[in-house]
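Below is one structure, written out as structure tokens; comments come after it.
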Amino acid sequence: MLAPARRPESALDAAAARVLRANWREGRHRSGVEFGYTCPAPPRYRHMWHWDSCFHAIAWRLIDPARARTELRTVLRSGRPNGFLPHTVFWDAPAGWRRAPLYATRGCFGDWQTESIGPPLLALAWELVAAASPEEPAFAAEALSELGAHMDWLAQTRDPDDDGLLSIILPDESGLDDSPKYEPVYGRLTHDRVGYVLLVERARRLRWDAHAIIERYDHHVEDVWMNVAYALSLRALGRLSGEPRWAQRAERVEHALLERCYDKRTGLFFDLAGDRERRVKVSTWSALSPLVLEGIPQDVRRHIVEEHLLDSRRYGAPVGIPSVSMEELTFNPRWDRYRTWRGPSWVNTAWLLVPAMRSLGYEAEAARIVASLVTAVERGGFREYYNPHTGAGLGARGFGWSTLLVDLL
Ligand code: GLC
């Protein structure tokens, strides 16, 4: 992968750098471990989140690659020697008492990390940051064994039926907390309902042993986006290490997505829920996400772009890429006090999907999406997400991963 080309700094670059600098946290944890990471947006999101930090490092590599490397090393240090990496880490401040019981931790209070996972994007981020680190060439190979251990941990603990696809045991493990695609699966236990506490308690009782949880309860999902993230990282690790086994495993994931999740009639990829692997036929951006995988055939990817991304009744909105198809009854373009991922456009999803559109030749359409987000950011700053109809900035302000927009320019 090529190092990003330097271009003259724009006002948007400067604003992105201000957000990342303001959200930077560093210090020493009470266990003695040193940390340096970007919190998504204080005060609401003041901890470290796995996929947020991967995205932050990708953005930092354009501004200050040393910080990008520190952030990724911090993510790695938050894990365990067996390859586990947590979804959320409380490095410098424990979760507030009101929110603590809602975090997927071992006990109710006092833990410094969750037992849940996040979208496994670390190897992908590592490769991108390594390519932007000519001053530290050893960075590329420095964590190969840990990154490999993480991939193996995922396969061993999260793929009990060994079909190549990872399962999530909590809806928010995918990062798509309240997505309507989880309603038919979790029912009263979704992330936005009180039942979620029960889901966490149940997992605590089984000591977060995913095999035991999956065997005992039917609330688990082979999640399309989660597996897309996994395949992206497997490919990246293959390139970083030069070992063919990672690309082979990526191919297996891509093949499984195609064989098991792809719905020919709609051209979408659907999650598989529970033991019977019921297809969850809800159109969210996750159903489009295999677009970014090189192992998915071109005609399938083109179909996603033409029939979904560019269709003005579905995802072809005036601003960004909506997180839920505008055709779905659950689609809500506005801010919802309790729920996320139910309609608004996020920058990280554009960062993932837009380059894939460009590589398939949809350059004008890709440019339109980027320009619409640039206008939204210029008007409202780097917000958590945006109304896809009006571009109004919604949710948290000074939101870390929204700075990925500068990487699309
Ligand atoms: C919200 C998002 C999740 C993100 C977290 C921190 O919970 O749904 O994806 O990781 O905030 O930004």
I'd like the full set of residues that are within 16 Å of the ligand (Cβ to nearest atom) and at negative phi, limited to region 154-181.
Ile168, Leu170, Pro171, Asp172, Glu173, Ser174, Leu176, Asp177, Asp178, Ser179, Pro180, Lys181
Failed item, numbered, when Leu102 is tested on (1) touching a residue at least 24 places away in the same chain (Cβ under 8 Å); (2) over 30 Å from Arg204 (Cα atoms):
(2)
Going through region 299-349 one residue at a time, which ones are of a type in the set (Ser, Thr, Tyr), surrounded by 17 or more Cβ atoms within 10 Å (Cβ to Cβ) and within 15 Å of the ligand (Cβ to nearest atom)?
Ser323, Thr340, Ser345, Thr349
Result of the Cβ filter at 6 Å on region 199-216, keeping first residues that are of a type in the set (Lys, Arg) and partners that are surrounded by 15 or more Cβ atoms within 10 Å (Cβ to Cβ), at least 6 apart or interchain, is none
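Can you find a residue that is within 18 Å of Trp225 (Cα to Cα), part of a loop (DSSP other than H, G, I, E, B) and of a type in the set (Lys, Arg) anywhere in region 319-335? Spell out the reasoning first.
Restricting attention to region 319-335, the residues satisfying the condition of being within 18 Å of Trp225 (Cα to Cα) are 321-325.
Restricting the remaining residues to those that are part of a loop (DSSP other than H, G, I, E, B) gives 321, 323, 325.
From the residues that got through so far, the ones that are of a type in the set (Lys, Arg) too are none.
Checked against the condition, which is being within 18 Å of Trp225 (Cα to Cα), part of a loop (DSSP other than H, G, I, E, B) and of a type in the set (Lys, Arg), region 319-335 yields no hits at all.
Among the residues of region 208-227, which ones are of a type outside the set (A, V, I, L, M), part of a helix (DSSP H, G or I) and open to solvent by less than 30 Å² (accessible area, probe 1.4 Å)?
Of all residues in region 208-227, those of a type outside the set (A, V, I, L, M) come to 208-209, 211, 215-220, 222-223, 225, 227.
The next check asks that each one be part of a helix (DSSP H, G or I); those that pass are 211, 215-216, 225, 227.
Result: Trp225, Asn227.
Let's see how each residue does on (1) within 16 Å of the ligand (Cβ to nearest atom); (2) closer than 20 Å to Leu408 by Cα:
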residue	(1), (2)
Phe35	no, no
Trp51	yes, yes
Ala57	yes, yes
Thr88	yes, no
Gly110	no, no
Thr114	yes, no
Ile117	yes, no
Glu127	no, yes
Asp152	no, no
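If you take the residues in region 228-261 that are touching a strand residue (DSSP E or B) at 6+ places or on another chain (Cβ under 9 Å) and open to solvent by less than 10 Å² (accessible area, probe 1.4 Å), which one is farthest from Ala131 (Cα to Cα)? Can you show your working first?
Within region 228-261, the first condition is being touching a strand residue (DSSP E or B) at 6+ places or on another chain (Cβ under 9 Å), and the residues that meet it are 228, 256-258, 260-261.
In the following step, the residues that additionally are open to solvent by less than 10 Å² (accessible area, probe 1.4 Å) were identified as 228, 256-257, 261.
Working: Val228: 22, Ala256: 30, Leu257: 29, Cys261: 33 Å.
Residue satisfying both the conditions and the ranking: Cys261.
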Give me a count of the residues in region 350-388 that are buried (at least 23 other Cβ atoms within 10 Å of the Cβ) and hydroxyl-bearing (Ser, Thr, Tyr).
2
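Looking only at helices (runs of 4 or more DSSP H) that lie completely in region 1-98, which have at least 2 residues being modelled with pLDDT of 95 or more, of a type in the set (Ser, Thr, Tyr) and open to solvent by less than 10 Å² (accessible area, probe 1.4 Å)?
On the way: elements: 11-22, 50-60, 65-77.
Per the criteria, no element qualifies.
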Of the residues Asp152, Asp172, which is at pLDDT 95 or above and farther than 20 Å from Ser53 by Cα?
Asp152
Every residue in region 262-286 that is open to solvent by 30 Å² or more (accessible area, probe 1.4 Å) and farther than 27 Å from Trp351 by Cβ, please.
Lys264, Arg265, Asp275, Arg276, Glu277, Arg278, Arg279
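Determine which member of the set Arg358, Arg342 is modelled with pLDDT of 95 or more, of a type in the set (Lys, Arg) and either more than 17 Å from the chain's Cα centre (by Cα) or in a helix (DSSP H, G or I) (or both). It would help to see each step written out before you state the result.
Details: Arg342 fails: either more than 17 Å from the chain's Cα centre (by Cα) or in a helix (DSSP H, G or I) (or both).
After applying the criteria, what remains is Arg358.
The values are calculated or read from the model by the stated rules, or taken from the named source; none is laboratory data. All values derive from a computational prediction rather than experimental measurement. Glycine also receives a Cβ, built like all others from the backbone with ideal geometry; neighbour counts cover every protein chain displayed. The protein model used for the area step is the full one, side chains on, heavy atoms only, and it has no ligands, DNA or RNA in it. Shrake-Rupley method; radii C 1.70, N 1.55, O 1.52, S 1.80 Å.
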